[in-house]
Amino acid sequence: MITVNGSPLEWHPGMTVAEILKVRNYIFRMLVVQVNGDLVKRGTYDTAVVPDGADVQVIHMISGG
Amino acid sequence: MTIAYDYKTRTSYTAEAAKERAAHKTLLQHAFEPSLPERGYTNRTLHIDLSTLTVTEKAVTEQMKEIFVGGRGFGLWYLWNAITPKTKWNDPENDIVISPGPLAGNTQYAGSGKSLVVTLSPLTSIPVDSNVGGYFGPLLKFCGYDALEIQGKAERDVVIVIDGPKKTITIEEAPDENPDSHVAAEVFTHEYADNEKDFVNVSVVSAGKGADHARIGCLNFSWFDPRRGAVRLKQAGRGGIGLVFRDKKIKALVVHGPKMKADMNRAVNFERTSKVGRKLAKEIHDLDDQQNKMRAIGTAHLVEIMDAYDLLPVHNFQYGKHKDIDKISSTVWQRRFTQGIFDGCWYGCHMACAKGADCHKVMTGPYEGHIVTVDGPEYETAAGLGSNCGIFEPDWILESNFYCDTYGVDTISFGTACAFAMECFQRGILTLERTGGLDLTWGNGRSHVELLHQMARGEGFGVIVGQGVKWMQEYFAEQGWGDLPFMRDIGMQVKGMEYSQYQSKESLAQQGGYALTNKGPQHDEAWLIFMDMVNNQIPTFEDKAEALHYFPLFRTWFGLMGLCKLPWNDIEPEDNAKHGKEAAKVPEHVYNYLELYAGITGKEMTPSQLIEQSEAVYNFQRVFNLRMGMGGRKSDWPPYRSMGPVTKEEYESRAERYDQQLKDLIGVDPEGKSTEEKMALHRAWREDRYNKLCDAVYIRRGWTNNAIPTLETLRKLRIDFPEVVAVVTPHLR
Ligand code: SF4
């Protein structure tokens with residue numbers, strides 16, 4: 001199990017950031033992703049593997065509206 | 001760039017312009033001495049009384065600049081002095097104030113051409129402020145005025161012309177011009193420009209025939225788009241200003257300004273403003289395509305994003321997404337908007353998001369068959385006229401967008417009011433007999449537009465919809481058609497104003513962002529949904545209260561200055577994330593604004609001083625509401641639809657989410673409970689949370705537990721004038 005923006009998400013080995021974004025339907029383009037506090041570079045989401053128990057933050061940058 | 005059609009093709013309305021101008025009767029001609037601003041201010045306000053046909057000038061005092069700053073602040077201050085607590089929107093003393101703000105008109109920093117319009121609203125009976133693009137405000141300033149204040153009422157339709165180069169202000173009866181804005185703006189531009197090259201120096205404010213009959217009437221502010229060869233429109237949409245304008249029998253306001261140059265504001269340090277402007281322009285150039293694509297799609301880029309996050313209003317905010325979203329998504333609008341031409345609504349705005357759908361062939365009504373440029377749709381319009389009414393056909397959305405604009409009807413209020421009427425139709429509160437035969441089934445674009453035509457003709461059910469949601473709720477109840485508490489639950493209005501187009505059920509902060517506003521539920525005060533619901537960055541009541549302190553005040557500042565909000569956070573520096581929790585404030589852009597302010601006015605300011613500037617005006621507006629009889633916690637109470645599921649269908653459409661919340665957040669096992677029981681549990685919990693949010697926000701804002709600014713707060717903000725204290729004091733006992 002991992003947490004994404006504070007709520008739990010089922011984990012599986014080899015799970016990538018890109019998969020998390022897909023599962024959560026985070027289609028917004030201005031995202032900043034941190035895994036256990038470390039920034040994940042844009043363009044590496046497909047290959048960035050997330051460990052079990054990770055605290056993932058997907059910050060949507062818009063203040064919007 | 002591929003343009004498959006000639007985007008310059010459109011119907012022209014100027015054939016009779018000379019004849020129409022010849023029919024004018026001059027009621028007053030007043031000579032004036034134009035002047036350019038110094039450090040962003042001209043230090044004069046133009047006051048026009050249409051009842052007495054007098055034109056006077058008022059000095060803009062240092063105290064006004066210190067406390068009310070400009071724009072919305074000046075508008076509120078003048079309105080306060082013009083009216084009494086008994087004044088109604090259609091009394092002659094009601095003001096319309098248009099003020100551009102000290103930074104407006106600069107050409108160095110994107111988004112610097114806004115005007116703020118303030119009046120006593122026919123929808124809410126409290127002051128309304130509306131932020132609008134187009135060239136009117138800057139050109140007014142370059143004629144010599146920081147604000148234009150109009151009181152009184154004319155006997156017959158007039159045009160007011162402020163002509164800088166000719167040094168005259170005239171009030172002319174204008175009997176023949178068509179008031180519909182796409183016609184009026186073009187015709188008056190032709191009538192008052194010296195020649196074609198001069199079109200860019202003319203701006204027209206108008207409201208069409210719909211505004212004659214609708215409390216949701218808006219104003220259109222024009223600018224001439226030389227690339228298209230077209231007069232374009234931006235709207236001061238919210239609060240029914242168009243109805244006040246037409247009630248004063250103003251057909252148009254025309255400003256003819258001097259030829260534009262780069263530093264008309266006469267900044268103290270022009271290079272300082274240029275430096276931050278260039279930095280932002282480069283950011284937009286380098287990053288917009290990867291970020292929001294504002295230059296290609298404008299704010300319509302949000303349509304499918306809101307759908308993906310269950311935030312798009314669907315069927316009167318019952319739901320947050322729809323299976324047909326692809327039919328009105330941003331790719332559709334990108335194809336409709338002419339690409340590759342600069343779409344800034346003021347000089348130097350590299351965001352260039354004022355998109356236009358050219359070559360729309362009008363399908364209905366008096367302009368059937370005409371070829372027009374539709375200004376928009378922006379996100380609010382696409383959602384309000386589209387998904388919220390179940391309309392997923394772009395042609396019908398463009399059609400109602402066009403008619404809303406030209407008839408002078410606010411697309412946001414119209415969308416929300418129609419959605420309410422359509423839900424009433426769905427639930428049998430309205431019937432074909434009650435609507436005069438109009439079938440208001442979800443998705444019926446033709447009926448939707450027919451409501452607008454009726455509004456413009458002043459007849460039929462369209463006029464009822466044009467009075468807004470609050471008025472409809474009461475009228476339907478009076479007729480015995482529906483249950484008032486239920487209609488209050490589903491009618492998306494607070495303080496009498498319709499909601500703008502975001503679903504807020506799962507964001508408590510946004511529920512407050514809408515309902516705790518001064519003028520009514522418009523997202524320009526606070527849009528906190530991502531921070532709150534998605535990012536989970538403001539989990540506690542205190543966190544949300546802090547956000548509901550900072551962001552409304554920061555956004556208020558745009559309205560004081562004459563700036564557009566979009567270049568603040570619809571483009572962000574590449575490394576903005578380094579600011580962590582503060583990133584939502586876009587600190588580098590806040591720094592830019594302080595530089596811009598100092599560069600123009602010569603006054604250095606810190607970020608917290610910026611917030612204090614806004615805080616004084618914001619609290620003054622709160623007291624103003626109180627003075628007009630609206631205040632206290634009850635006036636900040638939202639309809640339940642904005643907080644949670646009102647109907648069984650809503651609950652059951654997201655039963656998994658709501659059941660989970662019962663377990664995790666409310667501590668109740670949903671097993672074996674009926675939907676009605678679960679809904680009641682949710683309602684009690686959600687309403688309690690909202691009350692707790694209010695408690696925290698009122699403390700943070702320096703208000704009493706009943707939403708009244710305390711004397712200490714007024715003193716701290718230096719707005720403890722005797723007349724302000726006198727309004728507040730009885731409520732503090
Ligand atoms: S960002 Fe868009 S709306 Fe704002 S000033 Fe620029 S063009 Fe106009």
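The values are calculated or read from the model by the stated rules, or taken from the named source; none is laboratory data. Computed from a predicted structure; not experimentally measured. FYI the Cβ positions are ideal-geometry reconstructions off the backbone, even for glycines, and counts take in every protein chain you see. Areas reflect the complete protein model, heavy atoms only, side chains present, ligands, DNA and RNA absent. Shrake-Rupley method; radii C 1.70, N 1.55, O 1.52, S 1.80 Å.
Observations
- Qualifying residue in the range B:359-373 (condition: open to solvent by less than 10 Å² (accessible area, probe 1.4 Å) and within 16 Å of the ligand (Cβ to nearest atom)): no
- Considering B:S413, B:S400, the condition of being away from the ligand (no atom under 16 Å from the Cβ), touching a residue at least 24 places away in the same chain (Cβ under 8 Å) and touching a Lys or Arg at 6+ places or on another chain (Cβ under 9 Å) is satisfied by B:S413 alone.
- Check on B:E595, farther than 19 Å from B:I67 by Cα, in contact (Cβ under 8 Å) with a residue 40 or more places away in the chain, charged (D, E, K, R) and more than 12 Å from chain A (Cβ to nearest Cβ): yes
Residue by residue, here is whether (1) assigned to a helix (DSSP H, G or I); (2) under 30 Å from the mean Cα position of the chain (by Cα); (3) at pLDDT below 95 holds:
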{"position": "B:Q661", "(1), (2), (3)": "yes, no, no"}
{"position": "B:L665", "(1), (2), (3)": "yes, no, no"}
{"position": "B:V668", "(1), (2), (3)": "no, no, no"}
{"position": "B:R683", "(1), (2), (3)": "yes, no, no"}
{"position": "B:Y690", "(1), (2), (3)": "yes, yes, no"}
{"position": "B:C694", "(1), (2), (3)": "yes, yes, no"}
{"position": "B:V697", "(1), (2), (3)": "yes, yes, no"}
{"position": "B:V724", "(1), (2), (3)": "yes, yes, no"}
{"position": "B:T729", "(1), (2), (3)": "yes, no, no"}
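- Considering the range B:33-46, and only residues there that are open to solvent by less than 20 Å² (accessible area, probe 1.4 Å) and touching a Ser or Thr at 6+ places or on another chain (Cβ under 7 Å), the residue that is nearest to B:Y618 (Cα to Cα) turns out to be B:G40.
- Hits in the range A:35-65 - residues which are within 12 Å of chain B (Cβ to nearest Cβ) and either part of a helix (DSSP H, G or I) or crowded, with 17+ Cβ neighbours inside 10 Å (or both): A:V40, A:V56, A:Q57, A:V58, A:I59, A:H60, A:M61, A:I62, A:S63, A:G64, A:G65
- Helices (runs of 4 or more DSSP H) contained entirely in the range B:493-574, each with at least 3 residues that are more than 9 Å from every other protein chain (Cβ to nearest Cβ): B:508-515, B:541-561
- Residue satisfying all of: in the range B:616-634; touching a strand residue (DSSP E or B) at 6+ places or on another chain (Cβ under 8 Å) and within 14 Å of B:G520 (Cα to Cα); surrounded by the most Cβ atoms within 10 Å (Cβ to Cβ) among these: B:Q621
- One residue from B:A583, B:A577 being of a type in the set (A, V, I, L, M), free of Cβ contacts under 8 Å to residues at least 12 places away in the same chain and in contact with a strand residue (DSSP E or B) (Cβ under 6 Å, 6 or more places away or on another chain): B:A577
- Wholly enclosed helices (runs of 4 or more DSSP H) of the range B:257-371 bearing at least 3 residues away from chain A (no Cβ under 14 Å) and closer than 27 Å to B:G602 by Cα: B:270-287
- Residue list for the range B:148-181, filter: farther than 16 Å from B:S51 by Cβ, out of contact with any Phe, Trp or Tyr (no Cβ under 9 Å at 6 or more places or on another chain) and β-branched (V, I, T): B:T170
Quick grid of which residues meet (1) open to solvent by 10 Å² or more (accessible area, probe 1.4 Å); (2) among the aliphatic types (A, V, I, L, M); (3) assigned by TED's automatic domain parsing to the domain that holds B:Q661:
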{"residue": "B:D489", "(1), (2), (3)": "yes, no, no"}
{"residue": "B:V494", "(1), (2), (3)": "no, yes, no"}
{"residue": "B:Y514", "(1), (2), (3)": "no, no, no"}
{"residue": "B:A545", "(1), (2), (3)": "no, yes, yes"}
{"residue": "B:R555", "(1), (2), (3)": "yes, no, yes"}
{"residue": "B:K565", "(1), (2), (3)": "yes, no, no"}
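- Pairing each residue of the range B:460-486 that is of a type in the set (D, E, K, R) with any residue that is open to solvent by 10 Å² or more (accessible area, probe 1.4 Å), provided the two are 6+ apart or on different chains, yields C-beta distances under 7 Å for B:K470/B:Q493.
- The set of residues in the range B:575-592 being in a helix (DSSP H, G or I), within 15 Å of the ligand (Cβ to nearest atom) and within 13 Å of chain A (Cβ to nearest Cβ) consists of B:H589 alone.
- Count of residues meeting criterion [among the hydroxyl-bearing types (S, T, Y) and surrounded by 24 or more Cβ atoms within 10 Å (Cβ to Cβ)] in the range B:404-454: 5
Yes or no, residue by residue, for (1) modelled with pLDDT under 95; (2) touching an Asp or Glu at 6+ places or on another chain (Cβ under 8 Å):
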{"site": "B:D176", "(1), (2)": "no, yes"}
{"site": "B:E191", "(1), (2)": "no, yes"}
{"site": "B:D198", "(1), (2)": "no, no"}
{"site": "B:V205", "(1), (2)": "no, no"}
{"site": "B:G210", "(1), (2)": "no, no"}
{"site": "B:P226", "(1), (2)": "no, no"}
{"site": "B:D263", "(1), (2)": "yes, no"}
{"site": "B:S274", "(1), (2)": "no, no"}
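- Checked against (1) assigned to a helix (DSSP H, G or I); (2) within 16 Å of the ligand (Cβ to nearest atom); (3) of a type in the set (D, E, K, R), B:R232 meets all criteria but (1).
- Single condition B:G480 does not satisfy, out of (1) within 16 Å of the ligand (Cβ to nearest atom); (2) away from chain A (no Cβ under 14 Å); (3) outside any helix (DSSP H, G or I): (1)
- The set of residues in the range A:3-28 being buried (at least 16 other Cβ atoms within 10 Å of the Cβ) and within 14 Å of chain B (Cβ to nearest Cβ) consists of A:V4, A:N5, A:L9, A:I20, A:L21, A:R24, A:Y26, A:F28.
- Tabulated pairs, the range B:337-349, first of a type in the set (S, T, Y), second away from the ligand (no atom under 13 Å from the Cβ), C-beta under 8 angstrom, 6+ apart or interchain: B:T338/B:I3; B:T338/B:Y7; B:T338/B:R228; B:T338/B:A357; B:T338/B:D358; B:Y347/B:M260
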